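In what follows, a structure is listed as structure tokens, so that the remarks can point back to it.
Every number in this text was worked out from the coordinates using simple rules, so none of it is lab data. Bear in mind the structure is a predicted one, so any value in this text is a computation, not a measurement. Every residue, glycine among them, receives a Cβ derived from its backbone with ideal geometry; neighbour counts consider all protein chains shown.
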Amino acid sequence: MELDSLYQEVILDHYKHPLHKGLSEDKTVQVHHVNPSCGDEITLNLQLDGDRVSDVTWDGVGCSISQASSSIMSDLVHGKTLSEAFLILDSFSELMASKGALSGDEEILEDGVALAGVSKFPARVKCALLGWMAFKDAALQGRDGAKK
Ligand code: ZN
């Protein structure tokens, strides 16, 4: 897989120094997701304060794409409201579905645009989306739980 070298560095940096990795004790919801095609796994703890993501931490094993993407995701959604976080998630999902046609909105996705090239490799898209899908699952559970 060939990615732009600058982007490669951003990904490697997140892989080596992942943000928000290490599960916090406090959580509203915990989810565990796996990507069997690559062997990536993530456990994600989400803490909500009303409608706001007050904390998101994760732990996991897997390839550099899955780990870097989880790091980027956790940093992006941290402190956001759920509706803001879902807009970021939609933007990233659209990028990953683009098969290389989109380069990503840097204002929304920040370091996430470094993963744009992954969308050309369908087998790796699941790696990049793993953390994001875990977050979505946790956020929906947390939101629906709060309404009860
Ligand atoms: Zn992977």
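Residues in region 98-148 that are within 14 Å of the ligand (Cβ to nearest atom) and loosely packed, with under 15 Cβ neighbours inside 10 Å: Pro122, Ala123. Contact map, region 103-129: first residue of a type in the set (Asp, Glu), second residue within 15 Å of the ligand (Cβ to nearest atom), Cβ cut-off under 8 Å, separation 6 or more or different chains; pairs are Glu110/Ile72; Asp111/His14; Asp111/Ile72.
Within region 62-90, work out how many residues are free of Cβ contacts under 8 Å to residues at least 40 places away in the same chain, surrounded by fewer than 19 Cβ atoms within 10 Å (Cβ to Cβ) and either touching a helix residue (DSSP H, G or I) at 6+ places or on another chain (Cβ under 6 Å) or not in a helix (DSSP H, G or I) (or both).
Residues that pass the stated criteria total 3.
The listed residues are Asp59, Asp40, and the only one of them that is out of contact with any helix residue (DSSP H, G or I) (no Cβ under 8 Å at 6 or more places or on another chain) and either among the acidic types (Asp, Glu) or buried (at least 17 other Cβ atoms within 10 Å of the Cβ) (or both) turns out to be Asp59.
One line per residue, one yes/no per condition, for (1) within 16 Å of the ligand (Cβ to nearest atom); (2) within 21 Å of Val113 (Cα to Cα):
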| residue | (1), (2) |
| --- | --- |
| Tyr7 | no, yes |
| Val34 | yes, no |
| Ser66 | yes, yes |
| Leu89 | no, yes |
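What about Leu48, is it assigned to a strand (DSSP E or B), away from the ligand (no atom under 16 Å from the Cβ) and either in contact with a helix residue (DSSP H, G or I) (Cβ under 9 Å, 6 or more places away or on another chain) or of a type in the set (Lys, Arg) (or both)? Yes; evaluated as a whole, the condition is true for this residue.
Among the residues of region 94-148, not one is farther than 20 Å from Leu19 by Cα, in a helix (DSSP H, G or I) and of a type in the set (Phe, Trp, Tyr).
Of the residues making up region 4-21, those that are more than 17 Å from Ile42 (Cβ to Cβ) and assigned to a helix (DSSP H, G or I) are Ser5, Leu6, Tyr7, Gln8, Glu9, Val10, Leu12, Asp13, Lys16.
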